[in-house]
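Every number here is computed from the coordinates shown, using simple stated rules; none is lab data. Note that this is a predicted model, so its numbers are computed, not measured. Cβ placement follows ideal geometry from the backbone for every residue including glycine, while neighbour counts extend to all protein chains displayed.
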Amino acid sequence: MKTLKLFAFFLLCLGFSMNAQQSEFIPNLSEVNNSTIWTAYNRKVTYDGAVYLNGKAGDGILWLSNFVFANGWIELDIKGKNEPGRSFVGLAFHGLNDTTYDAVYFRPFNFTNLERSNHSIQYISYPNYTWYKLREEAPGKYENIINPVPNPEEWFHATIVIEYPKIKVFVNNSEKPSLIINQLSSRKEGWIGFWVGNNSEGYFKNLKILKN
């Protein structure tokens with residue numbers, strides 16, 4: 001009887017392990033130009049060890065096609081540049097289309113700017129809640145400083161924890177989140193994608209998704 005109980009416990013643990021493995025997804029970023037897997041909006045996309053979205057007018061996104069995400073963790077490495085007003089880089093999630101999604105993005109040019117470091121990380125919910133509208137109506141609620149401060153010229157690691165409606169964002173594996181907000185949209189699931197803002201280019205790598 002004891003042997004049967006141990007065997008049953010082993011099978012239970014094995015099942016939990018298999019479920020955990022099945023919930024983790026690491027996309028192959030070298031396939032970003034495969035249109036059956038990825039879809040680009042308003043950007044040219046290339047890959048050379050990292051995904052690159054070029055800079056041009058308007059926001060741009062590289063969607064992970066046919067992949068629906070609700071709750072869980074999204075981790076990735078991001079690199080922008082220290083050029084004021086021309087480096088907005090982040091991640092879109094719970095996307096419905098190219099203009100309807102939530103996103104968390106970063107302004108590397110504000111990281112070390114003592115007067116504007118409180119605008120280093122930003123949440124938006126398009127099309128209704130732009131950064132400008134949120135700053136006007138709820139100043140300081142949907143953007144924040146990042147501590148410890150990343151180098152604006154180097155790669156930084158972002159972990160976005162989504163438990164609708166709660167969002168927490170951790171930078172460079174810090175124990176303290178840089179941003180905690182409640183989503184403004186009613187969408188509880190949708191696409192995810194690399195995001196760059198107006199006139200911005202960006203680099204992305206090491207994307208890992210853990211679905212709850």
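Computed quantities for the displayed model
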read-out: Label-to-label distance, nm, for residues given as Phe67 and His157 (7 Å Cα→Cβ offset); value: 1.9
read-out: Between helix 2-23 and the chain: long-axis angle, C-alpha atoms, 0 to 90°, nearest 10; value: 20
read-out: Assigned charges on the beta-carbon of Lys, Arg, Asp, Glu; the chain dipole about Cα centre (debye); value: 420
read-out: Residues Arg107, Arg116, Arg43 arranged by fewest to most Cβ contacts within 10 Å; value: Arg116, Arg43, Arg107
read-out: Value at 222 nm in deg cm²/dmol, rounded to 500, when DSSP H runs of n ≥ 4 in the chain each add -39,500 (n - 2.57); value: -4500 deg cm²/dmol
read-out: Whether segment 60-212 is rounded, prolate or oblate, judged on the alpha carbon gyration tensor where a/c under 1.5 counts as rounded; value: rounded
read-out: Cβ-derived FRET efficiency at R0 22 Å, Lys133 paired with Ala57, nearest 0.05; value: 0.60
read-out: Proximal lysines to Lys79, defined as alpha-carbon separation beneath 27 angstrom and excluding residues fewer than eight positions away on the same chain; value: Lys44, Lys56, Lys133, Lys141, Lys166, Lys168, Lys176, Lys205, Lys208, Lys211
